[in-house]
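Participant: Would you mind keeping the following structure in view while I ask a few things?
The values are calculated or read from the model by the stated rules, or taken from the named source; none is laboratory data. Model, not experiment: these values are computed from the prediction. Cβ coordinates were reconstructed from backbone atoms using ideal geometry, including for glycine residues, and neighbour counts include every protein chain displayed.
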Amino acid sequence: MKYTILKKANLSDWLSHLKSKAKLYGPKRKENLFVFGPLKDAQDLCLDYIPTIIPVKKYYYPQKEKLFKFSSQPFKTTPTEKFEDVVLFALHTCDIAGVQCMDVVFGDSPEDPNYLNRKERTIVIGIECLKPCDKYANCTSMGNHVPHGGYDLMIVDIGDKFIIHINSEKGEKLTTGYMKEATDQDMEQLERVREAKKKVFKEEFIGPLTKVYEAFEKYFSSAVWKDVGRRCIACGNCTQVCPTCYCFDTKDEVELSLNEGTRSRFWNSCQMEDFAKVAGGEDFRKGRDGRQRHRYYRKFKYPVDRYNRYFCIGCGRCTRTCMAGISLIETVNSLISEEGLQ
């Protein structure tokens with residue numbers, strides 16, 4: 001592993017260097033919350049932040065995008081998107097895990113060319129959290145409070161400087177001329193920081209992930225889902241802010257000539273009442289309890305079976321934005337408690 005050092009006084013110069021290479025986005029304060037947006041300079045940047053309102057998946061998979069233009073006579077399709085080089089700065093390790101989940105989905109057959117094109121042109125610079133965000137996050141139980149790859153560079157605050165793990169050739173090129181190789185003393189300080197971190201991050205679930213999976217296998221008909229459905233108001237906030245929800249719909253807009261048009265796709269949500277309706281009006285998930293249960297199973301059961309990966313990253317966004325106050329931690333712990341699984 002290769003580590004390098006950046007003095008905090010040089011952060012502004014480095015950001016200017018990054019901005020000269022690509023479009024630079026990072027966490028910024030928005031009133032009492034945070035968003036990812038364009039960075040003009042170091043003053044825009046906020047490194048001490050709770051998860052942003054909308055995750056960085058919006059840069060890989062926009063809320064609305066034009067897929068292609070088409071014509072019927074002669075039949076042809078033409079791509080409409082122009083992909084740009086992007087640097088995403090100071091992503092939490094949980095959000096990086098979310099991007100890794102999306103990589104699995106959009107890299108699965110049939111591959112999604114728009115997503116993969118953006119992925120190829122994006123450099124990820126993470127920052128490791130040294131304290132829990134708030135009471136809503138469950139990153140420790142999901143194992144995402146520590147780095148697990150998926151980044152080009154990872155920043156750790158060790159006092160008067162940052163120590164940076166170089167994880168790719170693209171990342172290494174961005175450090176040239178701005179940083180020095182980490183010394184043994186720097187590595188010892190990194191170890192002390194991570195030892196201190198172990199004392200402040202606590203498990204949020206009352207059982208390990210093996211018990212979580214077992215609970216989802218056994219309690220599909222649990223009264224927990226009736227309780228969640230009773231409280232849910234079907235606003236869809238939970239899916240709109242989730243880093244690993246990827247459901248979408250498409251729409252064709254046809255010109256008056258009826259010969260040309262544009263196909264677009266936009267985010268959709270399994271929490272919307274008409275999402276599971278099919279021809280003839282049949283609805284496979286009529287109740288809010290069924291729709292909420294489906295959302296949870298898409299995080300803790302179905303992707304584990306298909307991809308061997310949990311699709312809850314522990315960021316806490318769904319709980320943080322729920323208008324009904326439904327807590328993911330509370331729901332999962334209630335399910336584990338069925339028949340004393342903990």
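Participant: Name the residues in the stretch 168-205 that are among the aromatic types (Phe, Trp, Tyr) and more than 25 Å from the chain's Cα centre (by Cα), would you?
Facilitator: The one that is among the aromatic types (Phe, Trp, Tyr) and more than 25 Å from the chain's Cα centre (by Cα): Tyr178.
Participant: Restrict the check to the stretch 245-266 and report whether at least one residue is among the hydroxyl-bearing types (Ser, Thr, Tyr), within 28 Å of Val35 (Cβ to Cβ), outside the structural domain of Tyr296 (by TED's automatic domain parsing) and touching a Lys or Arg at 6+ places or on another chain (Cβ under 7 Å).
Facilitator: yes
Participant: So if I check each of Val200, Val212, Val156, which one is part of a loop (DSSP other than H, G, I, E, B) and among the aliphatic types (A, V, I, L, M)?
Facilitator: Val200
Participant: A further question follows. Can you run down the residue pairs with Cβ atoms below 6 Å, 6 or more apart or on separate chains, where the first is in the stretch 215-236 and in the same structural domain as Val304 (by TED's automatic domain parsing) and surrounded by 16 or more Cβ atoms within 10 Å (Cβ to Cβ) and the partner is in a helix (DSSP H, G or I) and of a type in the set (Phe, Trp, Tyr)?
Facilitator: Short answer, once both residue conditions are applied: Phe216/Phe300.
Participant: Related question: Being in a helix (DSSP H, G or I), in contact (Cβ under 8 Å) with a residue 60 or more places away in the chain and closer than 18 Å to Asp103 by Cα is the filter here; which residues of the stretch 299-321 pass it?
Facilitator: Residues satisfying the conditions are Phe300, Pro303, Val304, Tyr307.
Participant: Considering only the stretch 1-50, give the strands (runs of 3 or more DSSP E) lying wholly within it that have at least 1 residues that are in contact (Cβ under 8 Å) with a residue 40 or more places away in the chain and of a type in the set (Val, Ile, Thr).
Facilitator: Result: 2-7.
Participant: In addition: Would it be correct to say that Cys46 is modelled with pLDDT of 95 or more, surrounded by 22 or more Cβ atoms within 10 Å (Cβ to Cβ) and in the same structural domain as Lys170 (by TED's automatic domain parsing)?
Facilitator: no
Participant: How do the pairs read when you match residues in the stretch 179-208 that are exposed (fewer than 14 other Cβ atoms within 10 Å of the Cβ) with residues anywhere that are hydroxyl-bearing (Ser, Thr, Tyr), using Cβ under 6 Å and keeping only pairs 6 or more apart or on different chains?
Facilitator: Taking only residues 6 or more apart or on different chains, the pairs are Glu181/Thr4; Glu203/Thr140; Glu203/Ser141.
Participant: Among the strands (runs of 3 or more DSSP E) lying completely within the stretch 71-137, list those that include at least 2 residues that are surrounded by fewer than 18 Cβ atoms within 10 Å (Cβ to Cβ).
Facilitator: 75-79
Participant: Applying the selection to the stretch 12-25, what residues are of a type in the set (A, V, I, L, M, F, W, C) and either under 18 Å from Phe36 (Cβ atoms) or out of contact with any helix residue (DSSP H, G or I) (no Cβ under 9 Å at 6 or more places or on another chain) (or both)?
Facilitator: Leu15, Leu18, Ala22, Leu24
Participant: Still on this structure, I have one more. Mind counting the residues in the stretch 252-296 that are closer than 23 Å to Ser72 by Cβ, of a type in the set (Asp, Glu) and in contact with a Gly (Cβ under 8 Å, 6 or more places away or on another chain)?
Facilitator: Adding up the residues that qualify gives 3.
Participant: Using the structure shown, decide if Cys270 is in contact with a helix residue (DSSP H, G or I) (Cβ under 6 Å, 6 or more places away or on another chain), under 30 Å from Leu33 (Cβ atoms) and part of a loop (DSSP other than H, G, I, E, B).
Facilitator: yes
Participant: Select from the stretch 49-83 the residues that are of a type in the set (Phe, Trp, Tyr) and at pLDDT 95 or above and write down the one among them that is nearest to Glu260 (Cα to Cα).
Facilitator: Tyr61
Participant: Anything in the stretch 107-145 that is touching an Asp or Glu at 6+ places or on another chain (Cβ under 7 Å), in contact (Cβ under 8 Å) with a residue 60 or more places away in the chain and within 22 Å of Tyr307 (Cα to Cα)? List them, or say none.
Facilitator: Those that are touching an Asp or Glu at 6+ places or on another chain (Cβ under 7 Å), in contact (Cβ under 8 Å) with a residue 60 or more places away in the chain and within 22 Å of Tyr307 (Cα to Cα): Asn138, Thr140, Ser141.
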